[in-house]
Amino acid sequence: MIDSILIPALVIGGTALLSVPLGSWLARAMDPAPADAAMARATGLFTAIAGPAARPGQDWKAYALALLAFNALAFLFVFALLMLQQHLPLNPDAKGPLTWDLAFNTAASFVTNTNLQHYSGEQAMSYLSQIAALMWLQFVTPAVGLAVLVALARGLAGRPDLGNFWLDLQRATFLVMLPLAILWAVALVLLGVPMTLQGAATATTLEGAEQLIARGPVAAFVAIKQLGTNGGGWFGPNSTHPLENPGMWTNLLQTVAIILVPMACVWMFGRILGRPKHARLIFVVMLGLLVTKLGLAMWAEAAPTAAFTGLPITTEANLEGKEMRLGGAASVTWAVLTTSTSNGSVNAMMDSLNPLTGLVPMVDMWLNATFGGIGVGLVNMWLYILVAVFLGGMLIGRTPTYIGHRIEAREVRLAILALALHGVLILGGTALFAASDWGAATTSNPGPHGFSQILYEFTSSSANNGSGFEGLGDNTVPWNVATGLVMLLGRYLPILIPLAIVGLLTAKPRAAETEGTLSPDGATFGGLLTVTLLIFGALTFLPAAVLGPVAEQLAQP
Amino acid sequence: MSIAASFRTITATLLVCSGLYTGLVLAVGQALVPDIADGQLVERDGKVVGSRQVAQKFEAPHYLWPRPSAADYNGAAASGSNKSATNPELTERARAEIARHGATPARPLPAELATTSGAGLDPHLSLPAALYQAPRIAAARGVAVADVEKVMAGQTTMLPLASGTRLVNVLETNLALDAAFPLKKPGG
């Protein structure tokens with residue numbers, strides 16, 4: 001089982017190394033120094049594109065308002081394009097119209113960087129919908145997340161304003177996501193991923209049957225899908241599909257792309273704050289949790305499928321929903337990384353993982369801060385940091401301060417509100433759907449796993465992840481509307497609340513850092529932060545975990 | 001002012017990210033690797049018989065059978081089974097595959113032949129799962145088992161980074177079998 005160590009070590013170790021120089025680039029591109037002539041030219045160009053709104057420095061309210069305006073118009077544009085796709089060009093396979101509720105769910109899903117898919121790409125979407133609606137949002141929504149993190153960091157660093165949303169959005173799109181996507185897309189097409197505007201190919205099989213083979217401009221789509229913590233696949237079964245992910249090398253590239261920018265965000269944060277040690281501590285805490293979860297998943301998934309007990313079948317690791325050209329280790333690595341970040345793409349079917357393995361992605365999304373979505377994952381972690389700082393202050397009996405900001409009850413109340421919202425959306429939604437035919441009539445697996453399917457769907461929606469226990473029959477009006485709303489609330493409140501907290505903090509005079517202050521760079525704080533994360537996650541979701549995956553594990557023969 | 005800025009940034013990002021970017025990758029792919037860019041289609045006698053990367057249905061005894069498919073090998077509607085480990089339907093399907101392949105406790109079925117892949121289009125089998133089917137194929141074609149095994153071995157590629165897993169491509173292996181042992185009734 002050398003591959004179960006080699007593959008994750010290569011992916012995580014290699015990406016961690018790559019993330020350091022990329023973090024420097026992110027800091028330079030997103031928050032350029034006044035003396036940086038090349039970046040000044042870029043800023044000039046972006047100002048010309050966006051117009052006069054790009055000039056002034058914005059406080060948190062102006063920044064948030066610009067962000068909401070952009071997202072609202074992006075949503076409307078994509079909703080309209082999806083509703084009209086049957087009348088528009090670039091539709092070689094003559095795809096028909098979408099229902100209003102599916103178009104609503106899909107627009108909400110992609111505008112929130114979730115990419116939950118209640119449709120199957122190659123069956124439902126025209127090439128125009130895929131490229132101009134869905135792929136476009138896969139570029140600009142990670143850029144929105146990155147902009148939020150940069151704004152937050154500027155506020156904490158004591159700048160006079162949070163910057164300008166219109167500039168940050170374009171910097172993140174054109175200077176970060178676009179160059180990476182070009183590199184990845186070219187590599188993917190060279191390694192086997194299709195890139196054509198022709199419609200499906202028709203083949204006559206060796207046994208004489210007709211086979212339609214869906215294809216399209218897949219390489220361009222998949223590159224940004226993986227890099228932007230998006231996860232919405234070109235094909236229905238995502239990167240399990242042999243044309244979306246043809247082999248081990250494309251798989252390796254796509255796995256690295258899942259965590260590359262989320263990791264680099266941490267280093268960028270440290271650079272903008274001028275606190276590299278603080279960034280290192282955050283990185284270590286995130287990495288420690290990530291590796292622990294990956295170890296648990298590897299162990300749980302090495303067991304053969306319980307359904308084959310007593311049958312004349314070789315006892316290998318569970319192969320249901322997995323691809324021979326990728327193997328078990330690469331699938332488990334992907335499953336953990338894609339849910340630790342808010343990516344949500346898959347290269348093996350989550351529904352068919354062993355019960356305890358299936359619990360790990362849920363834990364990933366409940367915490368939603370072990371690297372997490374681009375920008376927003378670290379913002380989530382920052383809320384946990386505030387709570388930990390406050391607890392630490394209580395424990396040592398000092399006024400809690402965080403890098404020169406006094407943390408008081410008002411800020412912590414807001415932080416806890418943002419964190420608790422996650423639990424309310426997931427558990428509230430699951431309770432409502434598990435108790436009614438809205439959910440109970442749509443599960444495809446019996447017993448506790450049916451409950452897990454509902455729990456997973458709300459978890460994935462609120463965490464803006466997008467993966468699923470896909471057996472769930474979720475293209476119904478109740479599912480489309482409910483998860484659409486959960487995705488919107490789960491995206492924008494955890495963006496607006498932290499910006500408001502920064503507004504409160506920066507309105508107060510800075511506090512002096514003394515010897516007695518709990519340093520946010522040290523091992524003590526790292527331990528406190530980890531415990532805070534685990535207690536929050538465990539206390540909130542433990543009962544649901546017991547009803548779902550744990551009960552299923554115990555029910556196995 | 002935010003509305004105007006939204007329109008302007010939406011237009012610019014759409015032009016660059018959906019337009020120029022897609023065009024660039026399309027041009028590079030079609031210029032350098034047109035075969036890959038079009039989906040790795042395979043031709044025999046000038047006719048497209050499938051894609052190297054997409055499993056197709058094989059049921060005749062003289063062909064190598066791929067893994068079972070939850071999508072019935074529909075290349076335009078891929079799907080996994082999404083069945084959980086505790087789902088009795090998984091056991092039922094496994095029993096059907098055991099019967100189809102004639103597996104016995106002395107000759108257990110390789111697990112991949114009892115399980116569906118994520119997309120239902122897995123184009124590969126491990127070499128052991130291919131060799132497992134060699135006796136049936138040899139009998140149907142009226143040739144020695146060792147000769148069929150030799151064709152399969154010739155189709156083997158190593159899976160990178162995966163401690164010695166050997167794979168064969170089912171469609172290419174079947175093309176090689178047809179070439180090595182021509183049938184009187186092609187496609188029979």
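Could you work out how much longer the chain between A:ALA500 and A:LEU534 gets when fully extended? Use 0.36 nm per residue separation minus the Cα distance between them, nm to one decimal. It would help to have the intermediate numbers written out before the result.
Numbers: separation 34, 0.36 × 34 = 12.24 nm, distance 2.53 nm.
Taking 0.36 nm per residue and subtracting the Cα distance, the gain is 9.7 nm.
Quickly work out the A:ALA555-to-A:ALA431 label distance, labels modelled 7 Å from Cα along the C-beta direction, and quote it in nm with one decimal.
2.2
Give the long-range amide H neighbours of B:SER51: residues separated by 5 or more places, or on another chain, with amide H under 5 Å away, using H modelled in the peptide plane at 1.01 Å from N.
B:VAL42
Return P(r) of the protein assembly as shown (all Cα-Cα pairs; 20 Å bins starting at 0; whole %; ordered from short to long distances).
With 20 Å bins starting at 0, P(r) equals 18, 51, 26, 5, 0.
Could you give the angle, 0 to 90 degrees to the nearest 10, between helix B:88-101's Cα long axis and the longest principal axis of the Cα atoms of chain B?
The angle comes out at about 50 degrees.
Amide H to amide H under 5 Å from A:GLY232: which residues, 5+ apart in sequence or cross-chain, H placed 1.01 Å off N in plane?
Those qualifying (amide H under 5 Å, at least 5 residues apart or on another chain) number zero.
Between A:TRP25 and A:ALA523, with labels modelled 7 Å along Cα→Cβ, what's the label distance in nm to one decimal, could you check?
3.5
Convert each backbone phi in the range A:23-40 into a coupling constant with the Karplus relation 6.51 cos²θ - 1.76 cosθ + 1.60 (shift: θ = phi - 60°), then list the ³J(HN,Hα) values in order as whole Hz, x for Gly and Pro.
So the J values, rounded to whole Hz, are x, 5, 5, 4, 5, 5, 6, 7, 10, x, 5, x, 7, 7, 5, 4, 5, 5.
In whole Å, what is the distance between the alpha-carbon centres of the range B:65-102 and the range A:328-407?
Their Cα centres are 35 Å away from one another.
Going Cα to Cα from B:LYS57, which lysines come in below 19 Å? Please leave out same-chain ones fewer than 8 positions away.
A:LYS322, B:LYS47, B:LYS185
With the full set of protein chains in place, find how many percent of the accessible area of chain B is carbon and sulfur; take the probe as 1.4 Å. Walk me through the numbers before you get to the answer.
On the way: 4570 of 7630 Å².
Answer for chain B is 60 percent, counting heavy atoms of protein chains only.
Which aspartates and glutamates have a Cα lying under 13 Å from the Cα of A:LYS95, excluding residues fewer than 8 positions away in the same chain?
Within the straight-line limit of under 13 Å, A:LYS95 reaches these aspartates and glutamates: A:GLU122.
For A:228-238, what's the mean count of beta carbons from other chains sitting within 10 Å of each residue's beta carbon? Please report the intermediate quantities before stating the final value.
Numbers: counts 0, 0, 0, 0, 0, 2, 0, 7, 7, 11, 4.
Mean partner shielding for this stretch: 3.
Which of rounded, prolate, oblate describes the range A:172-306, given a ≥ b ≥ c as roots of the alpha-carbon gyration tensor eigenvalues and a/c under 1.5 marking rounded, otherwise prolate only if a/b is larger than b/c?
Numbers: a/c = 3.81, a/b = 1.60, b/c = 2.38.
Because a/c hits 1.5 or more and a/b fails to exceed b/c, the range A:172-306 counts as oblate.
Round to a whole angstrom and tell me the spacing of the C-alpha centers of the range A:150-210 and the range A:494-527.
Each part's Cα centre sits 34 Å from the other's.
Total Å² of accessible surface buried at the B-A contact, 1.4 Å probe, nearest 100? Mind dumping the intermediate values first?
Numbers: alone 11580 and 21110 Å², together 24870 Å².
Answer for the B-A pair: about 7800 Å² buried.
Can you tell me the orientation of helix A:248-273 relative to chain A, as the angle in degrees between its alpha-carbon axis and the longest Cα principal axis, to the nearest 10?
Taking Cα atoms only, the helix is inclined about 10 degrees.
Tell me, in nm to one decimal, what length is gained between A:LEU212 and A:LEU6 on full extension, where the rule is 0.36 nm per residue of separation less the Cα-Cα distance? Please report the intermediate quantities before stating the final value.
Values: separation 206, 0.36 × 206 = 74.16 nm, distance 3.74 nm.
Going from the current span to full extension adds 70.4 nm.
Rounded, prolate or oblate: which fits the range B:3-80 when a ≥ b ≥ c are the square roots of the eigenvalues of the alpha-carbon gyration tensor, with rounded for a/c under 1.5 and prolate only if a/b beats b/c? Show your work: numbers first, answer last.
Values: a/c = 5.46, a/b = 2.15, b/c = 2.54.
Here the range B:3-80 falls in the oblate category.
So which GluC sites (Glu not before Pro) in the range B:1-109 pass both tests, a DSSP loop state and at most 15 other Cβ atoms within 10 Å of the Cβ?
Values: sites: B:GLU43, B:GLU59, B:GLU89, B:GLU92, B:GLU97; in loops: B:GLU59.
Sites meeting the loop and neighbour criteria: B:GLU59.
Kindly provide the pair-distance distribution of the range A:319-435 built from C-alpha pairs, with 10 Å bins from 0 and whole-percent values in order of increasing distance.
Histogramming the range A:319-435 at 10 Å steps yields 12, 31, 28, 18, 8, 1 percent.
Shielding of B:106-116 by partners, i.e. mean partner chain Cβ atoms within 10 Å per residue?
If you average over the peptide's residues, the count of other-chain Cβ atoms is 6.
Ranked by accessible surface with a 1.4 Å probe, highest first, in what order do A:TRP366, A:TRP25, A:TRP100 come? Don't skip to the answer; put the middle values down first.
Working: A:TRP366 15, A:TRP25 85, A:TRP100 135 Å².
Sorted descending by solvent-accessible area, the residues read A:TRP100, A:TRP25, A:TRP366.
Tell me which lysines have Cα within less than 25 Å of A:LYS277's Cα, excluding those fewer than 8 residues away on the same chain?
Answer for A:LYS277, where 25 Å is the Cα cut-off: A:LYS293, A:LYS508, listed by chain and number.
Could you work out the relative contact order of chain B, using alpha carbon pairs under 8 angstrom and six or more residues apart, expressed as a whole percent? Intermediate values should be presented prior to the final figure.
On the way: 223 pairs, mean separation 37.4, N = 188.
This gives 20 percent for chain B.
Ranked highest first by the average count of other Cβ atoms within 10 Å around their residues, in what order do A:184-191, B:12-19, A:135-142, A:220-227 fall? The partial results should precede the final answer.
On the way: A:184-191: 22.6, B:12-19: 18.9, A:135-142: 27.4, A:220-227: 29.9.
Peptide ranking by packing, descending: A:220-227, A:135-142, A:184-191, B:12-19.
Heavy atoms only, probe 1.4 angstrom, no DNA, RNA or ligands counted: give me B:THR165, A:THR401 ranked by accessible area, highest first.
Working: B:THR165 45, A:THR401 20 Å².
Ranked list, largest accessible area first: B:THR165, A:THR401.
Spelling out what I want: for every residue of the range A:4-13, take phi, set θ = phi - 60°, compute 6.51 cos²θ - 1.76 cosθ + 1.60 (Karplus), and round to whole Hz; glycine and proline get x.
Residue by residue, the range A:4-13 yields 6, 9, 4, 5, x, 5, 4, 5, 6, x Hz.
Loop only per DSSP, at most 16 neighbouring Cβ atoms within 10 Å: give me the GluC sites (Glu not before Pro) in the range A:454-557, ordered by residue number. Before the final figure, lay out each step's value.
On the way: sites: A:GLU457, A:GLU470, A:GLU513, A:GLU515, A:GLU552; in loops: A:GLU470, A:GLU513, A:GLU515.
Passing sites in the range A:454-557 are A:GLU513, A:GLU515.
Which of the peptides A:48-58, A:112-122, B:48-58 is most tightly packed, and how do the rest follow, going by the mean number of other Cβ atoms within 10 Å of each residue?
Details: A:48-58: 16.6, A:112-122: 26.8, B:48-58: 23.5.
Highest to lowest by the protection proxy: A:112-122, B:48-58, A:48-58.
Across the range A:353-369, in residue order, what do the Karplus-derived ³J(HN,Hα) couplings come to in whole Hz, using 6.51 cos²θ - 1.76 cosθ + 1.60 with θ = phi - 60° and x for Gly and Pro?
Rounded to whole hertz, the list is 5, 4, x, 6, 4, x, 5, 4, x, 5, 4, 3, 7, 5, 6, 6, 9.
Once amide H atoms are placed 1.01 Å from N in the peptide plane, what residues at a sequence separation of 5 or more from A:THR401, or on another chain, have their amide H within under 5 Å of its amide H?
Result for A:THR401 returns A:ILE407, A:LEU518.
The values are calculated or read from the model by the stated rules, or taken from the named source; none is laboratory data. Just so it is clear, the structure is predicted and the values come from calculations on it, not from any experiment. Ideal geometry is used to build each Cβ from the backbone, glycine not excepted, and the neighbour counts take in all protein chains shown. To get the accessible areas, we keep the full protein, side chains included, count just its heavy atoms, and leave off ligands, DNA and RNA. Shrake-Rupley method; radii C 1.70, N 1.55, O 1.52, S 1.80 Å.
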